[in-house]
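The values are calculated or read from the model by the stated rules, or taken from the named source; none is laboratory data. Predicted, not measured: the structure shown is a model, and the values here were computed from it. Don't worry about glycine lacking a Cβ; one is built from the backbone with ideal geometry, like all the others, and counts go over all protein chains shown.
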Amino acid sequence: MPPTAAPEAPLLPHARRSRPAPAAITRLRARAARSLRRALPALSAYAAVRLFSLLVLGVWAHKEGHGIWPTLARDWDSKWYLGIADHGYAHALGTAYNANNLAFFPLYPGLVKAVATVTPGSRASVGLVLAVLSSFAAAWGIFAVGDRLYGSRVGVTLAFLWACLPVGLVQWMGYTESLFTAFVAWSLYAVLTGRWLWAGTLSALAGLTRPTGIAIAAAVSLSALLTLRRHLSWRVLAGGLLAPLGWCAYVGWVGLRLGRWDGYFAVQRLWHNQLDGGVETLRRMREFLAYDSTPELFLVLVSLTLVAAAVLWLLSLADRQPLPLLAFTGVLLVIVLGSGGVYFPRARFLLPGFPLLLPLALALARTVSWRVRVLGVTGAVLGAAYCGAYMALVWPSAP
């Protein structure tokens, strides 16, 4: 009789072969790794600016005998988000000015609550870590947009300039601007690269993060509509329909919670945030830039930022930026400049409008004079550090 083969020994659990990852996931990982390697110079520049600004803030705060932890993690709007994470939302509209937390969108406090339940540390520390990590995701996405349109040098410069904004300190505070900017940047990148499902999904998440999420929703949906006019695609249609769902879902939920169709807008009226066509904005600008003999430096800075943003949008229009970018920044400007609400946070509200910096990034990246580059970079970094510390330690109200 022929010899019989010995039965093969079964594999022990630790020796079992792992199943290969699906091809789509493998390709996604490889693409993300390549993108991250390409973005490393931009992320390094971003980190250098923000760390230097934090160092200046720490030295200034030490001299003043002031701690920086409460300012970064627990004060002003951070307190509202932490309150929502701790106790949830109000059940009634009320009548008190500036006192209804339904004005704040839910994704960031929801993430803080979820992550804090499975990690050590306070919710304030979790919120700050989320903001810092989101800021790097945002800088990566900003680089990706600039790189896609004009090359890596412009992408690095764009991320650097975003770090140098006068209110850039907010990017490393327990606020929603970094998370929102990350969703916006990658949503715009997805539109530019034809990834419509990603664009719509990220836009919907942005709409759950900040009221100005309607601006990115408008940009994605309008771009999808114009694309559909050229050729029909279910992915384009789905992306366009997904884009406003986050914003609409929260606004609709607030209406149901308060028992009135205009519930969210009633809350905003309690905060004095309603569109007036820019009348209040122009009045305050004229007051601080022309008539006030001793204007507060921070309010002058806010006013100049608003003027500069409008000029940069016109330059972006002249440069023929892609429609999604122009639509997003245009709607964002209409909301911020056209509101009759609180004036001093307006510069912060424009922080996600990074495409407005593209004309500056192009000019700085393409200049042939190294002296101009050195002066521009040095001035931007020092200005960002000083303005951030002044905003946190001297200005007596919220950024």
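Listed here are the residues, each with its yes/no results for (1) within 21 Å of GLY278 (Cα to Cα); (2) of a type in the set (A, V, I, L, M, F, W, C); (3) in contact with a strand residue (DSSP E or B) (Cβ under 6 Å, 6 or more places away or on another chain); (4) surrounded by fewer than 14 Cβ atoms within 10 Å (Cβ to Cβ).
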| residue | (1), (2), (3), (4) |
| --- | --- |
| PRO345 | yes, no, no, no |
| ARG366 | no, no, no, yes |
| GLY376 | no, no, no, no |
| GLY379 | no, no, no, yes |
| LEU393 | no, yes, no, no |
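Within region 296-347, being closer than 21 Å to VAL191 by Cα, within 18 Å of the chain's Cα centre (by Cα) and among the aliphatic types (A, V, I, L, M) holds for LEU325, LEU326, ALA327, VAL331, LEU332, LEU333. Only residues that are more than 16 Å from ARG260 (Cα to Cα) and either at pLDDT 95 or above or assigned to a helix (DSSP H, G or I) (or both) were counted across region 90-114, and they come to 12. When PRO352 is tested against (1) at pLDDT 95 or above; (2) part of a helix (DSSP H, G or I), exactly one condition is not met: (2). Scanning region 23-43 for residues that are small (Gly, Ala, Ser), touching a residue at least 60 places away in the same chain (Cβ under 8 Å) and farther than 17 Å from SER178 by Cβ gives a single hit, SER35.
For (1) under 24 Å from ALA42 (Cα atoms); (2) in contact with a Leu (Cβ under 6 Å, 6 or more places away or on another chain); (3) not charged (D, E, K, R), each residue gets a yes or a no:
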site	(1), (2), (3)
ASP292	no, no, no
LEU299	no, no, yes
LEU312	yes, yes, yes
GLN321	yes, no, yes
ILE335	no, no, yes
PRO355	yes, yes, yes
LEU362	yes, no, yes
LEU382	yes, no, yes
ALA385	yes, no, yes
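Taking every residue in region 44-58 that is buried (at least 18 other Cβ atoms within 10 Å of the Cβ) and pairing it with any residue that is part of a helix (DSSP H, G or I) and acidic (Asp, Glu), at least 6 positions away or on another chain, yields no pair with a Cβ-Cβ distance below 7 Å. Residue-level check: of (1) touching a helix residue (DSSP H, G or I) at 6+ places or on another chain (Cβ under 9 Å); (2) in a loop (DSSP other than H, G, I, E, B); (3) not polar (S, T, N, Q), MET285 misses just (2).
Examine region 348-357 for a residue that is surrounded by 19 or more Cβ atoms within 10 Å (Cβ to Cβ), under 21 Å from the mean Cα position of the chain (by Cα) and aromatic (Phe, Trp, Tyr), and state whether such a residue exists. Yes. Check region 219-239 and report whether any residue there is out of contact with any helix residue (DSSP H, G or I) (no Cβ under 8 Å at 6 or more places or on another chain), of a type in the set (A, V, I, L, M, F, W, C) and not in a helix (DSSP H, G or I). Among the residues of region 219-239, at least one is out of contact with any helix residue (DSSP H, G or I) (no Cβ under 8 Å at 6 or more places or on another chain), of a type in the set (A, V, I, L, M, F, W, C) and not in a helix (DSSP H, G or I), which makes the answer yes. Taking residues in region 276-301 that are more than 19 Å from ILE335 (Cα to Cα), and partners anywhere that are crowded, with 19+ Cβ neighbours inside 10 Å and of a type in the set (Ser, Thr, Tyr), the pairs with Cβ atoms closer than 6 Å and at least 6 places apart or on different chains are PHE288/SER303; LEU289/SER303. The residues of region 108-148 that are among the basic types (Lys, Arg) and buried (at least 18 other Cβ atoms within 10 Å of the Cβ), listed by number, are LYS113, ARG123. The residue list SER44, SER53 contains one member that is modelled with pLDDT of 95 or more and touching a Gly at 6+ places or on another chain (Cβ under 7 Å), which is SER53. Among the residues of region 168-199, those identified as surrounded by 24 or more Cβ atoms within 10 Å (Cβ to Cβ) and aliphatic (A, V, I, L, M) are LEU169, VAL170, MET173, LEU179, ALA182, VAL184, ALA185, LEU188, VAL191, ALA199.
Considered as a group, the residues in region 200-211 that are within 24 Å of ARG348 (Cα to Cα) and crowded, with 24+ Cβ neighbours inside 10 Å include one that is farthest from the chain's Cα centre (by Cα), and that residue is ALA204.
Given the criterion in a helix (DSSP H, G or I), over 25 Å from LEU179 (Cβ atoms) and out of contact with any Asp or Glu (no Cβ under 6 Å at 6 or more places or on another chain), identify the matching residue among ALA361, ALA384, ALA365, ALA392. None of the other options fit; the residue is ALA365.
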